[in-house]
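Please read the structure below before turning to the comments.
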2 protein chains.
Amino acid sequence: MPTRVNALAEQLLETLEEQGYRSTSPRRAVAQAIANQDKHFTAEDLREQLPSLGRATIFRSLKLLVETGVVCRVLLEDGDLHYQLSHRGHHHHLLCVECGASQDLLGCDIEAVLKQTSASHGFELSGHWLEVYGRCKSCSSGELAAV
Amino acid sequence: MPTRVNALAEQLLETLEEQGYRSTSPRRAVAQAIANQDKHFTAEDLREQLPSLGRATIFRSLKLLVETGVVCRVLLEDGDLHYQLSHRGHHHHLLCVECGASQDLLGCDIEAVLKQTSASHGFELSGHWLEVYGRCKSCSSGELAAV
DNA sequence: GGCTTATTGATACTAGGTATCTATACGCTA
DNA sequence: TAGCGTATAGATACCTAGTATCAATAAGCC
Ligand SMILES: [Mn+2]
Ligand SMILES: [Mn+2]
Ligand SMILES: [Zn+2]
Ligand SMILES: [Zn+2]
């Protein structure tokens, strides 16, 4: 029986279809599983939640979704690479080192200063990768409450 | 016979000794090999250049050097993780996507703007990871010459 | 030179991901 | 809505980068 998907998962599938990829049962399952995550996740997380799917299929689906921009990679402070639902286009992440929450940073206001810094080194800027680590609002206020 | 090392390699070894690590023959070989690299490298690169050393030894030496800060990790635009000799302390890299050259960016002038952006999201900044991609001076001028 | 302990290298193991290949199922078209 | 060509799935083997284990060795201190 075909996997039922919610609106968010439906969006992921539509993005793939727009690119000419078929909407298959495994892809629906992966899309729904991703839509169900409440924070960044690994391919292994998905695999545990979708034990009936082939491992390669999960990696392949993830790769397509990253390529089309609806899922992005997140570099954790310890070097681990995770995935998460993404705003399309260029953006960064505020990653809470305490609870692991991730918040997208949409406006990229470092581009201007980077351009200038690069230029002063004779370097022609074309892109950058930035991850920001710290403590989210609720983790900061939690500490105050605990004191 | 003990491996002869040059001044740069000697510095790496001294850093380890300061931390209480012994100056062994394999570590001298690794330090010298790192000092010989003219750009960022992988553990596998070192292994090819030091075929007589155990693979684990190379990873262990690299890890120590990264921990003591004299070698740093560099995230290439394609996601590959490389190593390179490092200025100690916080800094970033200008990575040429054409020739692969890497230049250290010592002053971190994005800290201020990041702090402000984070604060506006209720986020308490504690650190960040930034890699900058583009084209180095010689690659940019090379294109002009070729036209 | 001898002793203690850190370190080595062999080996096996892990995580995360890709290549290959046959069987299947999408989805278009008649 | 049956049939068909092609994309895709899943099994499997393989790969890169790294870690755990452990017996043998070598630093370095007295
Ligand atoms: Mn994102
Ligand atoms: Mn560096
Ligand atoms: Zn938090
Ligand atoms: Zn260059």
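The values are calculated or read from the model by the stated rules, or taken from the named source; none is laboratory data. Everything numeric here is computed off the predicted structure, so don't read it as measured data. Heads up, the Cβs are rebuilt from the backbone with ideal geometry, glycines too, and the neighbour counts pull from every protein chain shown.
Structure values in brief
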read-out: Cβ-Cβ under 8 Å pairs, at least 6 apart or on other chains, segment B:1-23 side of a type in the set (A, V, I, L, M, F, W, C), far side in a loop (DSSP other than H, G, I, E, B) and surrounded by 14 or more Cβ atoms within 10 Å (Cβ to Cβ); value: B:Leu12/B:Val70; B:Leu13/B:Val5; B:Leu13/B:Ser23; B:Leu16/B:Ser23; B:Leu16/B:Thr68
read-out: Search result, residues across segment A:58-112 that are among the aromatic types (Phe, Trp, Tyr) and either farther than 21 Å from B:Leu130 by Cβ or outside the structural domain of A:Gly20 (by TED's automatic domain parsing) (or both); value: A:Phe59
read-out: Evaluation of A:Gly100 against (1) within 22 Å of B:Cys108 (Cβ to Cβ); (2) within 16 Å of ligand 3 (Cβ to nearest atom); (3) not aliphatic (A, V, I, L, M) (one fails), failing number; value: (1)
read-out: Yes/no for A:Arg55 being of a type in the set (Lys, Arg) and touching a Lys or Arg at 6+ places or on another chain (Cβ under 9 Å); value: yes
read-out: Helices (runs of 4 or more DSSP H) enclosed by segment B:12-107 - at least 2 residues per element that are within 9 Å of DNA strand C (Cβ to nearest atom), touching a helix residue (DSSP H, G or I) at 6+ places or on another chain (Cβ under 8 Å) and more than 14 Å from every other protein chain (Cβ to nearest Cβ); value: B:25-36, B:55-67
read-out: Qualifying position, being surrounded by 19 or more Cβ atoms within 10 Å (Cβ to Cβ), at negative phi and hydroxyl-bearing (Ser, Thr, Tyr), among B:Ser120, B:Ser86, B:Ser61, B:Ser138; value: B:Ser61
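This table checks each residue for (1) buried (at least 18 other Cβ atoms within 10 Å of the Cβ); (2) under 18 Å from A:Ile110 (Cα atoms).
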| residue | (1), (2) |
| --- | --- |
| B:Asp45 | no, no |
| B:Leu81 | no, no |
| B:Cys96 | yes, no |
| B:Leu105 | yes, yes |
